[in-house]
Amino acid sequence: MTPNLAQMRLALTQRGNPIDMKNIGVNEAPNMSPKMFMTPDQGKQIEMPPPGGVATPSGMPIGGIDMSQQQPGNQLMSQPAQAAPAAPQPAPGGLPTPGQAPQMGSPQAPQGLTPPMGNMLSMMPQGQALNAMGGAPKPQQPMQKPPGMADGGSAKPKFAIAPAQQTTETPKGFTEYDKDNPTVKGLTTAFDEAIAHHLSLSPEDRAKNSIRAAENVAKIAGKTPDGKPKDLLGKNEKLLKSEKGYDGGKPVELPDGRGIETTGLALAPAYREGNFDTCPNHASCKEECLGKTSGNYFKLGGGKDLEEFLGPRLNSLVKTHAFMHDPHSFAVKLHDEISDAKAIAAQNGNHLGMRLNVLSDISPRIHKSIIEAHPDVTFYDYTKIHSMNPIASNHHYTYSSTGLSQPGVENPHSNWKHMRRRLEKGDNVAMAFSHKEHLPHEVHDQETNQKYKVIDGDTHDFRPLDMQPEGEKGVIIGLRNKNTLAKKDTAHIDSKGFTVHFDPQLKMAKNARGASVYERLPSTRISPKTNKPMLGETIPQNRSVNIQPQKSAIIPLNNDGERE
């Protein structure tokens, strides 16, 4: 039961406390006059605990007891009265002069404001009693808190939005690059210098360098409608097969269960500036190039006019200009986009596959610094340069056939003899066949009587998964005819021998009216476009292609037009 105010006053009177209550040294009590000094012995004489708490062994009371009425606020034991020395004149602003220590307990020390009663004490009966016995409190001056000090005693920060990253100037010390005469050596040096410099920077400076590089590339390759530099990397229908699956099939997976996300750099095919050619061995395939005749490259890029550059074709061309004219900036932006793509793939629990030559055939030496900067990315490409080897352990090559001399057409650019040697060493070779639906199961080389297995290269694009066990022959990666204008029966002739003729000899049957039709397998497939049942596959009766002896083996060229 909490006593009322009258009971508290009575209890205090009965104890015979000789001390005037209004002089009790309680800091929380507002407007009290200077406090009386009280030694621990004095408290024992009246059978009361020492004011302020428990006495220490040295006799000094704890809790802040004023030593005398003449020296309020001094929390020390009383000293014999002495004549006070003349106080030195304070420096302007009330600060001590140099070399002068602050005078503690000096009679001339100014008396500060008495803090107001704490909220907790004012809510307790004892605090209410003190207020009642001390009379109505006098108006207090509110305590002034320092300017800019937030509640709780911490400095309040000034709000500001961080300014945009400032672009850096083009780094100095790079080897001078001749943009009018690109070469493998010049582009290699530029890539190596740019990546080494970029990776040497602090995170803050690297971000600035990325902005600078992206803006420089955008001056050549352009910006999106919302004003952002266009991306260098992208996906096409074939690249998407690895992560989405082919024709309703399952997406490609690595042995450890991770999926594959693929993206690539599509520069303009068979494009030349000076002596530098993005596809130096294009003589047999320029007119059949997928970058001109397939998908949107044909539909939106200029159609039958293969020299027209619209839509996707134009996009590849301006990227090629940026690559050739400012390779230092191009390399940095390419590195950054690969880093972003890698992070996204990892967030999805997938591995990143990267093609730096979706449509081109550029020396991997130029890209070496990029490939080595991303050891956790698998880089893979096709090349017609049979003497070219992968540049790093995370780089894979599939070698590309330039076609054959075959019945009805002579192909002077055939590299079959080189490709045959690659197959014998265990490397894989990509070959385009004339039929749009079926692929052979094997290729028979009549000159050596060797047979090479053909696998379907259209189910996905992640070619490293096609690698054969050590010591075994390589396989042929079969690719169906994707030329929008080509006819299956004459594609090998129309392509000047680049496409290899394959006649599957489809099985025929008679329909109810007696007419000859292709016999088909039962089908349960539904068309994703029409949502209607699809016809079953036709039935091939031939699964082999014969390769006649080829006259000679061409000597491939490098990007500078020099023989390898």
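Assorted remarks:
- Any hit, the range 352-359, residues being of a type in the set (V, I, T) and either open to solvent by less than 10 Å² (accessible area, probe 1.4 Å) or within 30 Å of S552 (Cα to Cα) (or both): yes
- In the range 192-221, residue nearest to P364 (Cα to Cα) [restricted to those that are among the polar types (S, T, N, Q) and surrounded by fewer than 18 Cβ atoms within 10 Å (Cβ to Cβ)]: S200
- Test: residue in the range 188-197 that is hydrophobic (A, V, I, L, M, F, W, C), assigned to a loop (DSSP other than H, G, I, E, B) and modelled with pLDDT of 95 or more: no
- Selection within the range 489-534 - under 30 Å from K292 (Cα atoms), outside any strand (DSSP E or B) and of a type in the set (A, V, I, L, M): A491, I493, M534
- Which numbered condition A553 fails, given (1) open to solvent by 70 Å² or more (accessible area, probe 1.4 Å); (2) of a type outside the set (K, R); (3) under 22 Å from G478 (Cα atoms); (4) at pLDDT below 85: (1)
- Among the residues examined, V454 qualifies as open to solvent by 10 Å² or more (accessible area, probe 1.4 Å), among the β-branched types (V, I, T), in contact with a Leu (Cβ under 9 Å, 6 or more places away or on another chain) and within 26 Å of A553 (Cβ to Cβ).
Conditions (1) closer than 27 Å to G497 by Cα; (2) surrounded by 22 or more Cβ atoms within 10 Å (Cβ to Cβ), marked per residue:
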{"position": "R365", "(1), (2)": "no, no"}
{"position": "D376", "(1), (2)": "no, no"}
{"position": "K384", "(1), (2)": "yes, yes"}
{"position": "S400", "(1), (2)": "yes, yes"}
{"position": "L404", "(1), (2)": "yes, yes"}
{"position": "P407", "(1), (2)": "yes, no"}
{"position": "M419", "(1), (2)": "yes, yes"}
{"position": "S434", "(1), (2)": "yes, yes"}
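- Within the range 249-289, being in a loop (DSSP other than H, G, I, E, B) and among the aromatic types (F, W, Y) holds for one residue alone: Y271.
- Every pair of residues 6+ apart whose Cβ atoms lie under 7 Å, when the first sits in the range 275-287 and is within 16 Å of L317 (Cα to Cα) and open to solvent by less than 40 Å² (accessible area, probe 1.4 Å) while the second is at pLDDT 90 or above and of a type in the set (V, I, T): F276/T183; T278/T320; T278/I362
- Residue among T484, T530 that alone is surrounded by fewer than 16 Cβ atoms within 10 Å (Cβ to Cβ), farther than 25 Å from V409 by Cβ, under 45 Å from the mean Cα position of the chain (by Cα) and modelled with pLDDT under 95: T530
- Taking the range 293-316 as the range and being open to solvent by 20 Å² or more (accessible area, probe 1.4 Å) and either within 20 Å of P364 (Cβ to Cβ) or not in a loop (DSSP other than H, G, I, E, B) (or both) as the test, the residues that pass are G295, N296, Y297, F298, K299, G311, P312, L314, N315.
The values are calculated or read from the model by the stated rules, or taken from the named source; none is laboratory data. The shown structure was predicted, so the numbers you read here are calculated from the model rather than taken from an experiment. As a convention, Cβ positions derive from the backbone with ideal geometry for all residues, glycine included, and neighbour counts pool all protein chains shown. SASA here: full protein model, heavy atoms, side chains in, ligands and nucleic acids out. Shrake-Rupley method; radii C 1.70, N 1.55, O 1.52, S 1.80 Å.
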